[in-house]
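Heads up: the structure comes next, in structure tokens.
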Amino acid sequence: MSLSNPLPFKERVEQALNDPFLRQSLKNAQARFREGKQKAGQALGNLEEWRTRAEAIRRHTIEHLDYYLDLFATNVEKNGGTVFFAETEQEAVEYLIRLAKEKQAQTVIKSKSMVSEETHVNHRLEEIGVEAIESDLGEYIIQLAKEMPSHIIAPAIHKNRKQIAQLFSAVAGEELPEDTSALTRFARHQLRDKFLNADIGISGCNFAVAETGSIVLVSNEGNARLTTTLPKTHVVMMGMERIVPTWEDLDAVLSLLPRSATGQKITSYVTALTGPRRENDQDGSEEMHVIIVDNGRSNALGTDYQSILHCIRCGACLNVCPVYRHIGGHAYGSVYPGPIGAVLTPVLKGFDEWEELPYASSLCGACTEACPVKIPLHDMLIDLRRDEVGQKRSPWIERLAFRLFGAAVKYPALYRLGLKMAKYLLRPQAGEEGFLNKGLGPLKAWTQARDFPAPAPESFREWWERQGRHGGEPHGR
Ligand code: SF4
């Protein structure tokens, strides 16, 4: 099954560009997150040292992933939990469905989990008659709207109060005020009963500590604690790269995650779970199942893209990306939007459905600079483009254009001829200001949104030759 939104990429982008609310709210949110991150980074003092240390931890872990996964799984089982390695999305969901049937589950409550989005868990549970309810406020909103998350850490960033009030009013059966406190109160009231009556709780996993087999969750709403402790069965869905070797390593990456994400020193809740409830524990689930999901992650191991598995899902790259600012998360079509999604999605799923994503970037490098674990995102985007070209995936007209350009720069006579032809072909299309705004063929899409300068009446070469020969004054354009 695809991760995708069914519309073609260009239509998704068009839709987003024609939504002024979306663009304004993304601009505001990016500014808020960026400012928060900057202050939090300054408070940390030597941010670069922290980044270097975090990058080293992630690199070491992924280079020895088989060892640490084995250690983690052994420790989870020692603690009384059950571990299932799912190679594919299908295997992960089938395990969950088997468990739901075994427990005769009617209702499942979920805290935020990108892996469960990636594997379409809600949809698959609904198919067998199990109600799956999102308990993270942002996820709850987009579940009611039947949409995908549009940001890794703020899934409903594209919704305003009015839209949320409409969604909640439909559930309430009466008109609710467009007031943040009233709306939050309503959601809390709705969800509280669901927590108490759910048969299974599904959580994600921000980090899995190998040395003790513990799951660490960060949240600002406390819903993760209710999800993991109230239902009798707790299922953890984690990407296989979520591992950190030790608690000391966790300290480094956990110090960077909320600072990079929202500018917080620490989230309101940091929850660590080491196995299910023990004999004298006050609360906790009776069973803990950990589903470790590969789903294409192995494709990155041993390749130029291995370091994409270092990602700690902070969203900082989205918060600085000028492309994300204009098109938002849904335009990417994947549950992972922004620069991380533009790299991760084709790596996980191949180019067939995702060949446009590596091009959804200005290559300004802001993502790489913002990344707390120093993933060279913009280099990887270039590498992905190179791979696509190597596989001859670009349109034939583009390939022909580059072949001609290659020949032109190799042979000076051809280059000069090309310049002359461009001048005669393109200058008549230019407006009064000297820019092409109605380009032909492949230039059309470019000139819809940008100014393309028409070739000068006299090229630099022509001017230079004339100067050399006659020593005269250069002509203006
Ligand atoms: S790629 Fe880096 S900045 Fe982007 S989400 Fe992952 S860790 Fe954060």
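All of the numbers you see were taken from the coordinates with simple rules; none came from a lab. Please read all numbers here as calculations on a predicted model, not as lab measurements. A quick note on method: Cβ atoms are made from the backbone with ideal geometry, for glycine too, and the neighbour counts reach across all protein chains shown.
Among the trypsin sites (Lys or Arg not before Pro) in the range 220-296, those located in a DSSP loop and surrounded by at most 13 other Cβ atoms within 10 Å of their own Cβ are LYS265, ARG278. Each of TRP464, TRP50 has some number of other Cβ atoms within 10 Å of its Cβ, and from fewest to most they run TRP464, TRP50.
About its Cα centre, the dipole of the chain is roughly 2000 debye, where the only charges are +1 on Lys and Arg Cβ and -1 on Asp and Glu Cβ.
With neighbour counts taken as other beta-carbon atoms within 10 Å, the residues SER361, SER255, SER181, SER260 rank, fewest first, as SER181, SER255, SER361, SER260. In this structure the amide hydrogen of VAL244, modeled in the peptide plane, comes within under 5 Å of the amide hydrogens of ALA208, VAL209, ALA210, none closer than 5 places in sequence on its chain. Legend note: in the chain, cysteines whose Cβ sits 4.7 Å or more from every other cysteine Cβ are CYS205, CYS311, CYS314, CYS321, CYS364, CYS371. Note on ARG192 and THR82: their simple-model spin labels are 3.3 nm apart, each label 7 Å out from Cα toward Cβ.
Listed from fewest to most Cβ neighbours within 10 Å, the set HIS326, HIS378 follows the order HIS326, HIS378. Only beta bridges with both residues in the chain are counted; by DSSP, about 30 percent of them are antiparallel.
Here the scattering of the chain is modelled by Debye summation over its C-alpha atoms, one equal scatterer each and no solvent; at q = 0.06, 0.12 Å⁻¹ the log10 of I(q)/I(0) is -0.33, -1.09. Taking a ≥ b ≥ c as the square roots of the eigenvalues of the Cα gyration tensor of the range 396-470, is the shape rounded (a/c under 1.5), prolate (a/b larger than b/c) or oblate? Because a/c hits 1.5 or more and a/b fails to exceed b/c, the range 396-470 counts as oblate.
Of the GluC sites (Glu not before Pro) found in the range 186-281, those that fall in a DSSP loop while having at most 16 other beta-carbon atoms within 10 Å are GLU211, GLU279.
Backbone N atoms of the range 314-332 closer than 19 Å to the 7 Å Cα→Cβ label point of GLN24 belong to residues 325-329.
What is the spin-label model distance, in nm, from ALA182 to ARG466 if the labels are put 7 Å beyond Cα along the C-beta direction? Between ALA182 and ARG466, the label points sit 7.2 nm apart.
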